[in-house]
Amino acid sequence: MTDNETLALIKEALNDVAPGREADFAKVSLESTIAELGLDSIATMEMVGYLEEQVEVTFPDEDLAKVASVRDLINLIRAAKA
Amino acid sequence: MPKLSVGPRTIPPSLALPRPHLPPTVLESVARAASEGLTTDGLRFVGRDETDRFFGWDEVYDRAVRAGAALAAAGVRPGDRVALVLPTDPLFIDAFLGVLAAGAVPAPLYPPVRLGRLEEYHARTAAMLRACGASAIIADARCRRILGETVRRAPTRLGVIAAEDLHRHAPAPPVAREADDLALVQFSSGTTVAPKPVGLTHSQVLANTDAIVDFMPLVARDQDGSPYDPVGVSWLPLYHDMGLIGFVISPILAGVPIVFIPTIRFIKHPTCWLDTISRHKATASFAPNFAYALVARKARPEQLDRWDLSRMKVFGCGAEPINPETMRAFVEVMSSRCGLRREAILPAYGMAEATLAISFKPVADHMRTMLVDAERFQADGRVEAVDEGFQGAFFEHVSCGTWFPGHEVSSQDAEGTLLPEGVEGELCLRGPSVTPGYFENPEATAAAFKDGWLRTGDLGYILDGEVYVTGRIKDLIILNGRNLHPQSIEWVAAQVEGVRKGNVVAISRPGPASEELVLVLESREAQSDSQKAALVQEVRTRIQQEMGIVPADVVVLAVGSLPKTSSGKLQRRKTRQEYLAGLVGQTGSRTAGASADTLTLARHMARGVWSRTKAALRK
């Protein structure tokens, strides 16, 4: 998956867990931080759960703690697929 | 030897029940389960790929004494506090029981899992390591990679010990402990600023687990009436009292097998909870209120067709305020679609200071709530029961049942005078499960105890011998002499369409004559100024109609703006501080950008997953 494809998937996940914020999420870029997504802790993990289902992987828990930006999340997905 | 800062606490002789059947220590209860228990019973951990790992009681005990020997060899001395930073995994059980076998005191802490919150994690974990004076940390390889920075801030004598190899050490006889020795240091949940370590002795832990086990049905009946053995399912974190005391120590004492789901897996894929219950024909599980709302929202029609919840005797609910609407919505769906018995919903009351629980709804009864005249209750804290046809405003309070034998719960005023039944006061506890105090923290201990009672900080009343919890003292809003509970206002506001459920905070601000009511809420849908203004008006009208109060201010924020604790609970006090400082919505997990005001969104997107799920369920 290219960065752009993965970013599109992340936006799909965001729209699934926080419907009604398409316009917000349309602006999400590789440089966006997780905090800027405006999700609470449960919704954040729901988003991760959505990604796991779509990509068919399970991310290592300790790697999740280190995810601070959308770019980190994309790298995590890439590493999990590798 | 570590000493608890013992509070001015005396248990009246009438409360000290003889419990000759109880082993003196937690480890000895494991030894008993290992020697008497069925070898088919034990702890089962559901893996990532649906493969289960099973540990019979004998194996649990064998690994514990090996781990104890390994820890002693690593330098752990009797009485040391040893922090555990481990996920919901067999290694947690090895480490926890191994520390006890070494004669030391386990202090479970939460592992790092939240995205992008590492700095907060290091600061909080370091504070907890200092508060319990930890000599060592036991962690797995994953947590160890992150703990380096934490330990630099709060060094421990023995550093970080690897959990993986503890059970491979040669066994040695465990260090003997007495019933009155310290068994556990647990941190009360929700504490944010200065986490307070609750010290509990073996006798307290066992008194509480014994009382819990007494309440739980040890034989269930199938639909055809045939008896059926109990099985528990838990995704609860093991660093939390409900997961550790309720689903590790109690089952060991009762010899009840448990199936564990990794906590993080539940949060990511909530329906795995009911999948596992159905698959393992479980009879009991516990979770906070939010989990029932989450799983009902996530359940897909084909899952509801498949799940069999007919053997569940207990779906316990505790650890946060219980919203009767949430529990009714859950039981409504699960009873009609999955065969759940309505009486399975079991509200409970307790806290880390009382080991875990102090009262349970009786297992055979239905969940009971009190409808209370709101005007009267807010004016003088007295319960006047009303029925559903009542025209005025009313509150619905959930009964958390009767307190455990040998324990006592009372409602008291600020001076420590016991209040009569049906009068709201501060809930106070005493009994053999209650901590003698916070670990090496005499100030906190002195502040929490009065005349032998633990003052909980919770508001509530006793009626017909049952406990009703109505709120937290520090959150109370006092308007013109009426005591308003933020929860009751928040739940009314949350019924307004466009208000994000569970994301409304009611607080007070100083007004010219009295305090004034302020609501701060999150909305996904209201983004433009006009949408926000319309939502504010709707919320005002609803609160006025249902509660007879006009909010002085209603603030609409974007999703993720309200301050929350690490466990996702709303932080009313912090919200109030931010509001008064004019900073609300500027911190939290998200900055409310000015751009949000210029965005418009299609109204048909407004309903969210919850309505979609409800619509799907009606089919």
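Among the conditions (1) of a type in the set (A, V, I, L, M, F, W, C); (2) touching a strand residue (DSSP E or B) at 6+ places or on another chain (Cβ under 9 Å); (3) facing chain B (nearest Cβ under 10 Å); (4) over 25 Å from B:F290 (Cα atoms), the only one that A:A23 does not satisfy is (2). Looking at the structure I just gave you, is B:A379 under 30 Å from B:Q545 (Cβ atoms), aliphatic (A, V, I, L, M), open to solvent by 50 Å² or more (accessible area, probe 1.4 Å) and not in a strand (DSSP E or B)? Yes; evaluated as a whole, the condition is true for this residue.
When region A:36-51 is filtered for residues that are among the small types (G, A, S) and either more than 8 Å from every other protein chain (Cβ to nearest Cβ) or touching a residue at least 12 places away in the same chain (Cβ under 8 Å) (or both), the ones remaining, listed by number, are A:G38, A:A43. Name the residues in region B:321-371 that are closer than 23 Å to B:P432 by Cα and charged (D, E, K, R), would you? The answer is B:E353, B:K361.
For the structure I just gave you, tell me whether B:S35 is at pLDDT 85 or above and open to solvent by 80 Å² or more (accessible area, probe 1.4 Å).
yes
Among the numbered conditions (1) buried (at least 19 other Cβ atoms within 10 Å of the Cβ); (2) at pLDDT 80 or above; (3) within 8 Å of another protein chain (Cβ to nearest Cβ), the only one that A:T33 does not meet is (1). Among residues of region B:525-560 being basic (K, R) and in contact (Cβ under 8 Å) with a residue 24 or more places away in the chain, the one that is least open to solvent (accessible area, probe 1.4 Å) is B:K532. Answer with yes or no whether B:E149 is touching a residue at least 12 places away in the same chain (Cβ under 8 Å), under 20 Å from A:E62 (Cα atoms) and in contact with a His (Cβ under 8 Å, 6 or more places away or on another chain). Against the criterion (touching a residue at least 12 places away in the same chain (Cβ under 8 Å), under 20 Å from A:E62 (Cα atoms) and in contact with a His (Cβ under 8 Å, 6 or more places away or on another chain)), B:E149 qualifies. Of all residues in region B:391-425, how many are assigned to a strand (DSSP E or B) and either modelled with pLDDT of 95 or more or not acidic (D, E) (or both)? Looking only at that region, the number is 15. When B:D58, B:D49 are screened for being out of contact with any Lys or Arg (no Cβ under 9 Å at 6 or more places or on another chain) and at pLDDT 70 or above, only B:D58 passes. In region A:1-20, of all residues being in contact with a Lys or Arg (Cβ under 9 Å, 6 or more places away or on another chain) and within 9 Å of chain B (Cβ to nearest Cβ), the one that is surrounded by the most Cβ atoms within 10 Å (Cβ to Cβ) corresponds to A:A18.
Within region B:224-247, which residues are among the aromatic types (F, W, Y) and in a loop (DSSP other than H, G, I, E, B)? Across region B:224-247, the qualifying residues are B:W235, B:Y239. Which count do you get for residues in region B:538-569 that are in a helix (DSSP H, G or I) and modelled with pLDDT of 85 or more? Within region B:538-569, residues that are in a helix (DSSP H, G or I) and modelled with pLDDT of 85 or more number 6.
Of the helices (runs of 4 or more DSSP H) that lie entirely inside region B:248-348, those containing 3 or more residues that are hydroxyl-bearing (S, T, Y), away from chain A (no Cβ under 14 Å) and free of Cβ contacts under 8 Å to residues at least 40 places away in the same chain span B:324-338. For B:A131, are the conditions met, namely being out of contact with any Ser or Thr (no Cβ under 8 Å at 6 or more places or on another chain), open to solvent by less than 50 Å² (accessible area, probe 1.4 Å) and away from chain A (no Cβ under 13 Å)? Criteria met by B:A131.
Looking only at residues of region A:52-72 that are touching a residue at least 24 places away in the same chain (Cβ under 8 Å) and more than 9 Å from chain B (Cβ to nearest Cβ), we find that the one that is farthest from A:T2 (Cα to Cα) is A:V57.
The values are calculated or read from the model by the stated rules, or taken from the named source; none is laboratory data. On a predicted model such as this, the values are computed, not experimentally measured, just so you know. FYI the Cβ positions are ideal-geometry reconstructions off the backbone, even for glycines, and counts take in every protein chain you see. These accessible areas exclude ligands, DNA and RNA; they are computed on the full protein's heavy atoms, side chains included. Shrake-Rupley method; radii C 1.70, N 1.55, O 1.52, S 1.80 Å.
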